Amino acid sequence: MKKRIYSTILLWAFLFFVLFFGRIIGCFCLLLAASALTQHEFYQLLKQAKYQPDVLSGILLGTCLPMGCAFTNLTIGELLTLIVIISSLLASFKRSLQFVQQSLIPTLVGVIYIPFMLSFVVKFVQNYPQFATSQAVATVFLLIAISKFSDVGALLIGCQFGHHKLMPSFSPNKTFEGLLGGVAASTIIGITGFLVFKHYLVPQLTITNVTILSIILSLVSPLGDIIESATKRIAGVKDSGHIIPGIGGILDLMDSLIFSLPLGVTLLSHGIL
């Protein structure tokens, strides 16, 4: 537990430093690195599950998504369409059903599951005028805090009071009590973060939509962890990696953000909240 606490403190300090001083460039570089490392670990899990994803091609194609979002006017959907077409054309030369099943599909799953989802963050920051990009980056930081503290609340409450299993066949340690603890923790962090830093956040945020957003993201965040847990069970491993003491791999760190961040920035981008 001590290793987990120390790692968590260092990671939050690193994230704050990169986003505060690097701003849009720091946000973009951090997202690229996190996406590539997470995708690599996901492919390693698939390999242990007896699939054969093309790791290098998958990561290169995945990197094209946030790069394309940042430097072209193409939408994320248009970029993904091009990637699927290119991959399918290359696969057609193999003329092998086994290649499609064992390599092409797992490779594309990795592209869609990680870099495609995280590319929505790039579009969110890019869509703001230059003078407001710092507010967009600060808002991304708040969304990360809301999502990750859902994990903290779920862990603390689940360990103490958890009795009713949420999805035992996928993630045996998750409970309904932990889920409620995650909702409470996310809501507290979201409201507190808004009240303290509201002048640094995007202007459309209010106390009402931050509260609603916190509840929604805290309910969505566990989905990433559940899918990762299911993948690890299929692969027969406990952690996706060992790069972060007390936590595991990059995928173990990023799992709760893979769904919550894209959803959060989408809700804000389109004025839904």
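Heavy-atom surface analysis with a 1.4 Å probe gives segment 168-273 a carbon and sulfur content of 71 percent of its accessible area. In summary, the lysines within cross-link reach of Lys94, defined as a Cα separation below 27 angstrom excluding same-chain residues under 8 places away, comprise Lys47, Lys50.
Per DSSP H run of n ≥ 4, the term is -39500 (n - 2.57); total these for the chain, divide by its residue number, and report the mean residue ellipticity at 222 nm rounded to 500 deg cm²/dmol. Before the final figure, lay out each step's value.
On the way: 10 runs with 196 residues, N = 273.
Only helices count here, giving -24500 deg cm²/dmol.
Take the alpha carbon gyration tensor of segment 108-173, find the square roots of its eigenvalues, order them as a ≥ b ≥ c, and report rounded if a/c is under 1.5; if not, report prolate when a/b exceeds b/c, else oblate. Oblate, since a/c reaches 1.5 and b/c is not below a/b.
When the alpha carbon gyration tensor of segment 1-144 is reduced to an equivalent ellipsoid, the three semi-axes, largest first, read 31, 21, 9 Å.
Any idea what the relative contact order of the chain is, in percent, if you count C-alpha pairs under 8 Å spaced at least 6 apart? Numbers along the way, then the final one.
Values: 381 pairs, mean separation 63.4, N = 273.
So the answer I get is 23 percent.
Phi angles across segment 74-87 convert, under the Karplus curve 6.51 cos²θ - 1.76 cosθ + 1.60 with θ = phi - 60°, into 3J(HN,Hα) values of 5, 6, 4, x, 5, 5, 5, 4, 4, 5, 5, 5, 4, 4 Hz, Gly and Pro given as x. Residue-wise HN-Hα couplings along segment 236-248, as the Karplus relation 6.51 cos²θ - 1.76 cosθ + 1.60 with θ = phi - 60° gives them from phi, are x, 10, 8, 10, 6, x, 9, 6, 10, x, x, 10, x Hz; Gly and Pro carry x. A cut-off of 5 Å between modelled amide H atoms, ignoring neighbours fewer than 5 places along the same chain, links Met167 with Lys174. Would you mind calculating the relative contact order of segment 25-159 from Cα pairs under 8 angstrom and at least 6 residues apart, reporting the percent as a whole number? Once normalised by length, the contact order is 31 percent.
Packing, as the average of other Cβ atoms within 10 Å across residues, places the peptides 232-239, 209-216, 247-254, 70-77 in the order 247-254, 209-216, 232-239, 70-77, highest first. For Lys174, a cut-off of 21 angstrom between C-alpha atoms picks up these lysines, skipping any fewer than 8 places away in its own chain: Lys148, Lys165, Lys232, Lys238. Our summary of shape: the Cα atoms of segment 125-273 have principal axis extents of 48, 30, 27 Å, ordered from largest down, in whole angstrom. In this simple spin-label approximation, Ser169 and Lys94 carry label points 7 Å from Cα along the Cα→Cβ vector, and these lie 2.9 nm apart.
Could you put Glu228, Glu78, Glu177 in order of accessible surface area, largest first, with the 1.4 Å probe and the full protein assembly present?
On the way: Glu228 5, Glu78 90, Glu177 35 Å².
Ranked from most to least accessible, the order is Glu78, Glu177, Glu228.
Sorting 48-58, 13-23, 106-116 by their mean Cβ neighbour count within 10 Å, with the most densely packed peptide first, gives 106-116, 48-58, 13-23. Residues Ile157, Ile144, Ile86, sorted by accessible area with the largest first, give Ile86, Ile157, Ile144 [1.4 Å probe; ligands and nucleic acids excluded].
The values are calculated or read from the model by the stated rules, or taken from the named source; none is laboratory data. Just so you know, these numbers come straight off a predicted model, no measurement behind them. Note that each Cβ is placed from the backbone with ideal geometry, even for glycine, and that neighbours are counted across all protein chains shown. Calculation scope for accessible area: heavy atoms of the full protein, side chains included, ligands and nucleic acids excluded. Shrake-Rupley method; radii C 1.70, N 1.55, O 1.52, S 1.80 Å.
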